[in-house]
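Reading through the C-alpha cells given below for one structure.
The values are calculated or read from the model by the stated rules, or taken from the named source; none is laboratory data. What you are looking at is a predicted structure, and each value in this text was computed from that prediction instead of being measured. Cβ placement follows ideal geometry from the backbone for every residue including glycine, while neighbour counts extend to all protein chains displayed. Quick note on the areas: whole protein, heavy atoms, side chains included, nothing else; ligands and nucleic acids left out. Shrake-Rupley method; radii C 1.70, N 1.55, O 1.52, S 1.80 Å.
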Amino acid sequence: MNEATSPPTETTVPLLPCVSADDTLAFYQALGFQVTWRQTKPYLYLAFKLGGFDLHFKNPPQGLDPSEENSGGCLVLVDAIAPYHAAFTQAMRQAYGKVLATGLPRLTRYRPGASRFTLMDPSGNSIIFIQRDEPEEVEYGGSKKLEGLARVLDNARIYREFKNDDRAAYRALTSGLRKHRDQAAPIDRALALAALIELAVAMDEPAKIETYASELRTIELTESERERVDAELRTAADLDIWLTAEPTADGR
C-alpha cells in the first residue's frame, strides 16, 4: 500500500484471552475502565476503554493456566506513567482495601524515575505502561560504560524495572557486593545496600533490612552522596507505605 496515497489511519486493538468474564469485568471496572461491549453467549467477547486505548477479550485457548502469566500482553505508550500508576493505586485501595501487589491480579510498583510498570490481570495478561521517552535499547547485564559495582547496580535496575524480577535483582546485588565490596566506591556500596533494603521490603523479608542498614551506617559519605542514598531509602519507605497503607477518606 502506498502511504503517500493512503494516509495511515490504522488503529490496533489487542485481543486477549479471558478465563473468567466476571473476574475480568470486576477488575477492569474497578480500575476505571469503561465497558464498551459485554457478551458471554454464544461466545465470550468483552471490550473496555480507558482514555484513548481499548482492550478486547475472547475465550481462552484450551488448557490456558493464568498462573504461568504468559497468556497475552499489551504495551500502552503514554507521555507520563506516574499519573496512571497513582490512579490505579487509588482505585485498588477503594475497591479492594489495599494495593494488589502479589499474585493475580496485581500492580507492580513504581519507582521515581522509572519508565514503566505492569498491570497483571486475572487471566495472566500483562498490560505494560511505558513512557514514550523511554530509551529504545536496554543493555542487559548493565551499561557497558560502567564497571564493577556501578555496573551491577545498573543491571539490578534493569531486572527490577524491565523484567519485574526482584529475585534476580537481589541475587545480582548480593553477588556484586561480595565480589566488588573492597574495591567499590563508598557511594556505590551505599546505593547497593539501599537497593537491597528496598528489595527486602518488596519481597516481604523484613529480617534482612537491619543487616543491610547496619552496614550502610558504617559507610562514610559526602553530603551530596548522603542525599542520593537518603532518596533511595525514601523509596523503600514509600514502598512499605504503598504496600500496607489503608485507603484514606479520599481513596489515596
Residue 207 to residue 224: extension gain in nm, 0.36 nm per residue of separation minus the Cα-Cα distance? 3.2 nm
Computed over the Cα atoms of the stretch 100-252, what is the ratio Rg over Rh, Rh following Kirkwood? 0.98
What ranking do 76-87, 184-195, 102-113, 134-145 get when scored by the average of other Cβ atoms within 10 Å per residue, highest first? 184-195, 102-113, 76-87, 134-145
Averaging sequence separations of C-alpha pairs under 8 Å and six or more residues apart, then dividing by the length of the chain, give the relative contact order as a whole percent. 15
Of the beta bridges DSSP finds with both residues in the chain, what % are antiparallel, to the nearest 5? 65
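Are there chymotrypsin sites (Phe, Trp or Tyr not before Pro) in the stretch 151-224 that DSSP marks as loop and that have at most 11 other Cβ atoms within 10 Å, and which are they?
none
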For a 27 Å ceiling on Cα separation, which of these pairs sit above it: 98/208; 98/163; 41/163; 145/179? 41/163
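Under the rule of -39500 (n - 2.57) per DSSP H run of 4 or more residues, summed and divided by the residues of the chain, what mean residue ellipticity at 222 nm is obtained, to the nearest 500 deg cm²/dmol? Don't skip to the end; give the middle numbers.
Numbers: 7 runs with 103 residues, N = 252.
Result for the chain, helices only: -13500 deg cm²/dmol.
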DSSP bridge pairs, the stretch 1-150: antiparallel proportion in percent, nearest 5: 65
Which whole number in µm²/s is D for the stretch 136-195 by Stokes-Einstein, with the Kirkwood Rh taken over Cα pairs at 4 °C and 1.567 mPa s? 115
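Would you mind working out the accessible area per residue for the chain, using a 1.4 Å probe, and quoting it in Å²?
Details: 14170 Å² over 252 residues.
On a per-residue basis, 56 Å².
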Rg and Dmax in Å for the stretch 1-106, alpha carbons only: what are they? 16.1, 54
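Cβ neighbours within 10 Å, averaged per peptide: list 216-226, 12-22, 196-206 in order, most packed at the top. Intermediate results must be reported in sequence, preceding the final value.
Details: 216-226: 11.9, 12-22: 15.5, 196-206: 19.1.
Ranked by mean Cβ neighbours within 10 Å, highest first: 196-206, 12-22, 216-226.
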